[in-house]
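One structure below.
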Amino acid sequence: MRVVVAQETADGERRVAVVPETVATLTAAGHEVWVQAGAGLHAFVTDDELAARGAQIVLDRPQLLQSADVVLAVQPLPVGDISHLRAGAVALSFLQPWAHGQAVRALAARSVTSFSLDLVPRISRAQSMDALSSQALVAGYRAVMLAAANAPRLFPLFMTAAGTIPPAKVLVLGAGVAGLQAIATARRLGAVVTAYDVRVAAGEEVRSLGATFLDLELDSQEGEGGYARVQSEAFLVRQRELIAEQVGRADVVLTTAAVPGRPAPLLVTAEMVATMRPGSIIVDLGADVEAAEGGGNCELTRGGETIEVNGVMIHGPRNAASAYPLHASGLYARNVANLLALLVRDGQVDPDWDDEIVATCCVTRDGEVTA
Ligand code: NAD
């Protein structure tokens, strides 16, 4: 079976879906691996390294795609690329079908069987395929790095002959995978961290990282699969009233709150930003995914931009994991290779359609949209 990887073309996307280690895994499983020349360069993965582990480097992109049994990608394939795939080919990538209807329809029309990494269920058996977690981990780290690099203050406590510098006060709103990684990273830099999540269960994880859990004494909003459930507007209004004071006190506010398939909940209003001291920083990961609904956790965030409001810098990074393409690619490439391994029987893609993971992350099959 020929597994191909073309260069990512989305704006700002620096990751690649294959790294030397996974070329070796795929070839050891009996597959051919063909990679477009230069596909890994933005992730600092060279053609020579890929070739040394058994990849065939191909110059002609349409030819590469036409010859594919399986295509691995990070972002949804562009419609132009899909038109080169043969009927019956298999595509694995992030697809966020609710935001990429055109690509999904093109995959179905072409009779491509597609699987979306963001739809892999968050069950123990699927952990090695959980690209949402692997990339959220990188994004959480990135949020802290952005804040630390742009803040006018130092993060750790310093006691020196020239005086004492207090540690930065960091507030993390949303303590899922990205939020927990942000807490751990900010703590490593010596910041004093307070964190909040609508799932009360997150409190224990927050405390285990040496941060204070902000308990607003509201009902836990835990939904299915460990995610937050959709919250009522009345809940969100009350929540905003209760976190406003904390936002005003923080030097850095990192927001990562999300509810699957919904616009990011609004946590930080323009009025709250007005109470922050000049020099404070907001990094809003709620704007990370260029989903149809856009938005972020802060009312003033502009996705993909950094703005300044009364001396407060508001960063709305898009695709934050792509800022560290070497390691983000390594993790993603392993996730996607593990998902492919689940789909293969006797050297061919022949999934068990009754398998929960397969059924949940399949988006198109036999010319139909299934997700
Ligand atoms: P996510 O990206 O959907 O959301 C991020 C966080 O935002 C969540 O913790 C959510 O509770 C929180 N949130 C939602 N609305 C909020 C609001 N109004 N205010 C504050 N916070 C709000 O979630 P995620 O990070 O992908 O994962 C969340 C859960 O899934 C966690 O419990 C995690 O442990 C679980 N998980 C399980 C596995 C597994 O394999 N079992 C893998 C990954 C994640």
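Would you be able to say whether some residue in the stretch 90-101 is within 16 Å of the ligand (Cβ to nearest atom) and at positive phi?
So far as the stretch 90-101 goes, yes, one or more of its residues are within 16 Å of the ligand (Cβ to nearest atom) and at positive phi.
Taking the conditions exactly as written (part of a loop (DSSP other than H, G, I, E, B) and open to solvent by 20 Å² or more (accessible area, probe 1.4 Å)), does residue 242 satisfy them or not? When the stated conditions are applied, residue 242 does not pass them.
Okay, residues lined up against (1) aromatic (Phe, Trp, Tyr); (2) at pLDDT below 95:
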site	(1), (2)
192	no, no
196	yes, no
199	no, yes
215	no, yes
226	no, yes
229	no, yes
243	no, no
246	no, no
249	no, no
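Exactly one residue out of 156, 121 is touching an Asp or Glu at 6+ places or on another chain (Cβ under 7 Å) and over 20 Å from residue 285 (Cβ atoms), and it is 121. Of all residues in the stretch 171-195, those satisfying the criterion of being closer than 23 Å to residue 119 by Cβ and either open to solvent by 20 Å² or more (accessible area, probe 1.4 Å) or more than 12 Å from the ligand (Cβ to nearest atom) (or both) are 176, 177, 180, 181. Among residues that are within 27 Å of residue 138 (Cβ to Cβ) and open to solvent by less than 20 Å² (accessible area, probe 1.4 Å), residue 112 is not included. Between 207, 277, 249, the distinction of being touching a Phe, Trp or Tyr at 6+ places or on another chain (Cβ under 7 Å), of a type outside the set (Ser, Thr, Tyr) and more than 14 Å from the ligand (Cβ to nearest atom) belongs to 207 only. Which residues, taken from the stretch 30-50, are within 15 Å of residue 4 (Cα to Cα) and surrounded by 15 or more Cβ atoms within 10 Å (Cβ to Cβ)? Answer for the stretch 30-50, where residues must be within 15 Å of residue 4 (Cα to Cα) and surrounded by 15 or more Cβ atoms within 10 Å (Cβ to Cβ): 31, 32, 33, 34, 35, 36, 37, 39, 40, 47, 50.
Taking (1) surrounded by fewer than 19 Cβ atoms within 10 Å (Cβ to Cβ); (2) assigned to a loop (DSSP other than H, G, I, E, B) in turn, residue 198 satisfies each apart from (1).
Screening the stretch 218-239 for residues that are more than 20 Å from residue 298 (Cα to Cα) and either in a helix (DSSP H, G or I) or touching a helix residue (DSSP H, G or I) at 6+ places or on another chain (Cβ under 6 Å) (or both) and picking the one that is farthest from the ligand (Cβ to nearest atom) gives 224.
The values are calculated or read from the model by the stated rules, or taken from the named source; none is laboratory data. Quantities reported herein were computed from a predicted structural model and do not represent experimental measurements. Please note: Cβ atoms are built from the backbone with ideal geometry, for glycine as well, and neighbour counts cover all protein chains shown. Only protein heavy atoms, including side chains, enter the accessible area calculation; ligands, DNA and RNA are left aside. Shrake-Rupley method; radii C 1.70, N 1.55, O 1.52, S 1.80 Å.
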